[in-house]
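Following: one structure in structure tokens, then a few remarks.
The values are calculated or read from the model by the stated rules, or taken from the named source; none is laboratory data. Just so we're clear, the structure is a prediction, and the values are computed from it rather than from any experiment. Using ideal geometry, Cβ is built from the backbone for each residue, glycine included, and neighbour counts are taken over all protein chains shown.
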Amino acid sequence: MFDTVHIVNQAAAPQLNELGFYGLAGAPKSPRDLLDECRDGEAMGFGSVFLSERFNVKEIVTISGAAAAVTETLGIATGATNHNTRHPIVTASYATTMHRMTNGRFALGLGRGIDKLFDAFGMDHITTAQMEDFAGLMRRLWKGEVVFGHDGPCGKFPLLALDTEFDEDIPLMLTAFGPQSLALGGRAFDGVILHTFFTDETLQRCVAGVKRAAEQAGRDPDSVRVWSCFATIGDWIPEDVRLKKTVGRLATYLQGYGDLMVRTNNWDPAVLERFRADPFVAGFRGAFDGKATTSELEHVATLIPDEWLAPAATGSAEQCAAAVLRQLDLGADGVILHGAAPTELAPTVEAYRKIRPAGRFDHLAANPAG
């Protein structure tokens, strides 16, 4: 593990705006961990931090404000929140506040969410049409428009307004999976976040889909930044923790939206059926990456093919760095080093700097959708 002095010394090197990390990855013990993660990540030269919302101690407005308070150069993105959990005026005001507080480092990222969770909470499922309608409303409100009598897929609102003097350019991001969401990202958003454990072929197909949709909408496809979300778990991390961040994480995804993962990657659906039919898996309550013990995860590992876990950066620091650069070579505009805190990623970042192509990413802003 690299110490704090080593991390801080990286600050003199160029900022890596093509790299991001997830704050509070997995199931954190305390949301206060984010404060040190953001300080460390900024000192190491990461371009941005991505923050996902969980309905426990990862409420997005609070943690993104905390990230803004302890950083000066780090881009900050919600990756992601759901538009149906807050009134549009609340979300638009939140984004404007973050935009101004960070001097333009903030991007509002939306996602479709998990249908099973919405069913449990008595909430409607999010549709592609709703997200597109909502994105349009945000842009109108940020430009100072007073919206009368809106009646669209995301709801009916007699009046929506923030401030008629507003003229804000706040980037919008979308966490996308299927063809419809990818196309929406290309035509109506400024950045797209892909999912973890995407094969090389899936990554290339998704990037092409986003760029093609942008071009068909009359936009510059290069203006939409597509981020690979890439599990980066080096072999210096303890083995039991690696198991949680690889097997545990993928198993959790298979719990929530396994059919979509399998369809997207063109994996064998029979393997997913065997996974679900396993008595332990069928009876397990909670997320595998948060609740399962090491021995339980060792059992789960026997149910998941090695090739399903292969789309990740593992091994030595040099091997991890090479895998990250390959994601960029395959077409991604940025890579989120997912599943580990910045201090755990320090060896990978140092090794990456040694092979980073000079000048290739100098045009990128710290804002992950800027």
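Results, tabulated for the structure shown:
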read-out: Scan of the stretch 20-39 for residues that are in contact with a helix residue (DSSP H, G or I) (Cβ under 6 Å, 6 or more places away or on another chain), in a loop (DSSP other than H, G, I, E, B) and surrounded by 19 or more Cβ atoms within 10 Å (Cβ to Cβ), ordered by number; value: GLY23, LEU24, GLY26
read-out: Where a residue in the stretch 16-44 is of a type in the set (Ser, Thr, Tyr) and its partner, wherever it lies, is buried (at least 19 other Cβ atoms within 10 Å of the Cβ) and assigned to a loop (DSSP other than H, G, I, E, B), with Cβ under 7 Å and at least six apart; value: TYR22/SER52
read-out: Hey, GLY178 modelled with pLDDT under 95 and either touching a Ser or Thr at 6+ places or on another chain (Cβ under 8 Å) or among the β-branched types (Val, Ile, Thr) (or both) or not; value: yes
read-out: Criterion violated by SER228 - all others in (1) in contact with a helix residue (DSSP H, G or I) (Cβ under 9 Å, 6 or more places away or on another chain); (2) surrounded by fewer than 22 Cβ atoms within 10 Å (Cβ to Cβ); (3) of a type in the set (Ser, Thr, Tyr) satisfied; value: (2)
read-out: Scan of the stretch 77-114 for residues that are more than 18 Å from the chain's Cα centre (by Cα) and at pLDDT below 95, ordered by number; value: none
read-out: Residues within the stretch 258-296 that are exposed (fewer than 12 other Cβ atoms within 10 Å of the Cβ) and either assigned by TED's automatic domain parsing to the domain that holds LEU194 or small (Gly, Ala, Ser) (or both), tallied; value: 6
read-out: Positions within the stretch 66-93 being assigned to a helix (DSSP H, G or I) and out of contact with any helix residue (DSSP H, G or I) (no Cβ under 7 Å at 6 or more places or on another chain), in sequence order; value: ALA69, ASN84, THR85, ILE89, VAL90, SER93
read-out: Residue within the stretch 185-195 that is within 18 Å of the chain's Cα centre (by Cα), β-branched (Val, Ile, Thr) and not assigned by TED's automatic domain parsing to the domain that holds LEU325 present; value: no
read-out: Counted residues, the stretch 56-91 - those being among the aliphatic types (A, V, I, L, M) and touching a strand residue (DSSP E or B) at 6+ places or on another chain (Cβ under 8 Å); value: 9
read-out: Subset of the stretch 309-358 (residues that are aliphatic (A, V, I, L, M) and part of a loop (DSSP other than H, G, I, E, B)); value: ALA310, ALA312, LEU330, ALA332, ALA340, ALA341, ALA358
read-out: Search result, residues across the stretch 214-257 that are in the same structural domain as ALA176 (by TED's automatic domain parsing), in contact (Cβ under 8 Å) with a residue 60 or more places away in the chain and over 22 Å from LEU19 (Cα atoms); value: none
read-out: Residue that is farthest from ARG112 (Cα to Cα) [pool: residues in the stretch 122-160 that are part of a loop (DSSP other than H, G, I, E, B) and in contact (Cβ under 8 Å) with a residue 40 or more places away in the chain]; value: CYS154
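This table checks each residue for (1) touching a strand residue (DSSP E or B) at 6+ places or on another chain (Cβ under 7 Å); (2) closer than 30 Å to LYS211 by Cα.
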site: PHE275; (1), (2): no, no
site: ALA282; (1), (2): no, no
site: ALA287; (1), (2): no, no
site: GLN319; (1), (2): no, yes
site: GLY331; (1), (2): no, yes
site: ALA341; (1), (2): no, no
site: ALA365; (1), (2): yes, yes
